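S.K.: Take this structure, written in structure tokens, and hold onto it; I'll ask about it next.
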Amino acid sequence: MTDVPLDPPSSYTLSQQPKRELSLFEQRIHAVATSPYAVLTLSVANLAALSKARKLIRGYPTVISCLGHAGIFAAAAVALQTGDIVNGSGLATVWSANWLMFNARKAFTSRRVMPMSMVGLVASIGSAYGYQYFVIDQ
């Protein structure tokens, strides 16, 4: 008996597989993570922090970080607005994690309310998009 190698399934076959039904929790996460408005909130929050970052107030991100992350979060919102959920949620997830790696410790050591609330905002919205990308879109 010869072993015939199986061809990998084509993208057409993979896209025709039935989707599983989402739980109530996953439906709520899906509603947030397919909308561009949550990631636009992150973009606006970074632009709002720009005035404090220019004055070098302790706990706020740097000017470069504010501008760069605001632009990337806006690009993720554009991707979500055009219907590209996988790339939009992926961008929001990765760059939220990037923002947290560079700014969370600085915000918590400053013990200021606004930088710590920005950490909470980025973490919560980034985790919603991450759940969409890693769990729901599988």
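Where a number appears in this text, it was derived from the coordinates with a stated rule and is not lab data. As the structure is a prediction and not an experimental result, all values here were calculated from the model. A quick note on method: Cβ atoms are made from the backbone with ideal geometry, for glycine too, and the neighbour counts reach across all protein chains shown.
S.K.: How high is the FRET efficiency from ILE64 to VAL113, r the C-beta distance, R0 35 Å, rounded to 0.05?
M.R.: 0.90
S.K.: Rounded to the nearest 500, what is the 222 nm mean residue ellipticity of the chain from helices alone, with -39500 (n - 2.57) per DSSP H run of 4+ residues and division by all residues?
M.R.: -22500 deg cm²/dmol
S.K.: Could you give the angle, 0 to 90 degrees to the nearest 10, between helix 24-33's Cα long axis and the longest principal axis of the Cα atoms of the chain?
M.R.: It works out to around 60 degrees.
S.K.: Here is a further query. Would you give the gap between the C-alpha center of the range 26-73 and the C-alpha center of the range 113-138, rounded to a whole Å?
M.R.: 11
S.K.: Arranged from highest to lowest average of other beta-carbon atoms within 10 Å per residue, in what order do the peptides 70-83, 47-60, 19-32, 113-126 appear?
M.R.: Working: 70-83: 18.7, 47-60: 15.4, 19-32: 11.8, 113-126: 17.2.
Those peptides, ordered most packed to least, come out 70-83, 113-126, 47-60, 19-32.
S.K.: Next question. Could you check the spin-label model distance between PHE134 and TYR37? Points 7 Å from the Cα along Cα→Cβ, value in nm.
M.R.: Going from the PHE134 label point to the TYR37 one covers 2.7 nm.
S.K.: Another question, then. Report which label in [x] 48, 35, 29; [y] 42, 35, 21; [z] 73, 34, 26 holds the value of Cα extents along the principal axes in Å derived from the coordinates of this structure.
M.R.: [z]
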